[in-house]
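Working notes, beginning with the structure itself.
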Amino acid sequence: LTDRAGESAIANFALNLKPLLMQRPVKGFVTMGLDPGYRNGCKVAIVDGTGRVLDTNVVYPTFSQRKKEEAIETLSRMIRKHSVKHIAIGNGPASRETEAMTVEMLRNLPGVSYMIVNEAGASVYSASKLAAEEMPDFDLTLRSAVSITGFTFIKMKSLRARNSGKRS
C-alpha cells in the first residue's frame, strides 16, 4: 500500500511538473539562472531566449567577503558578455545570501532585473534520466541552474498577467 501511494504521489508530481519544465525561458531575452548553495557554491547558467545554454560557472559568494567580491566580478562579466536581462534565483538554501549579493551587483548593472523562483521540481528534474539525456554535457548541479532559468518564464508571465488585470 505504501509503495502504491508513493508511486501515485510521484506520478501526480510528474503530471504537475511537466508543463512547468516544458516552458521556455523569457522569450527573446537572455536569462541567468542562479542555483544557490553553501557547500557546493552557487551554480550559474546563462540561456538565450530559445533555451540554448550560452555559459555556465560556479561561484562561492557565501564562503567569505573576498569570495563574494569575486562572485560579483565573475557574474558581472558574464552578464555583460551575454547581455543578460533577467536573473532567476532559486529559493533553496543560500537564496537570501545570493539575493543580497545580486542586489549589490545590480547597482552597477542598470537594466537587469532579478526574481526569486520556486526551484521545487528543478532539482528533481535535473537529477532525472530525461534531464541527463537532454543535457549530456552538464553535470547534475549545472542542469539544476539551467532548469531554474525555465521557471523565470512562468513567473514573468504571471507578473505580466497580474499587472494587466488578466489571469494566465
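The table that follows gives values for the structure above.
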item	result
Condition met for residue 30 (at pLDDT 90 or above and under 17 Å from residue 147 (Cβ atoms))	yes
Failed criterion for residue 18 (all others in (1) open to solvent by 60 Å² or more (accessible area, probe 1.4 Å); (2) modelled with pLDDT of 70 or more; (3) closer than 17 Å to residue 126 by Cβ hold)	(2)
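Conditions tested, residue by residue: (1) touching a residue at least 60 places away in the same chain (Cβ under 8 Å); (2) of a type outside the set (A, V, I, L, M); (3) within 18 Å of residue 29 (Cβ to Cβ).
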residue: 88; (1), (2), (3): yes, no, yes
residue: 110; (1), (2), (3): no, yes, yes
residue: 120; (1), (2), (3): no, no, no
residue: 130; (1), (2), (3): no, no, no
residue: 134; (1), (2), (3): no, yes, no
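The values are calculated or read from the model by the stated rules, or taken from the named source; none is laboratory data. Keep in mind that what you see is a predicted model, and the values were worked out from it rather than measured. Heads up, the Cβs are rebuilt from the backbone with ideal geometry, glycines too, and the neighbour counts pull from every protein chain shown. Calculation scope for accessible area: heavy atoms of the full protein, side chains included, ligands and nucleic acids excluded. Shrake-Rupley method; radii C 1.70, N 1.55, O 1.52, S 1.80 Å.
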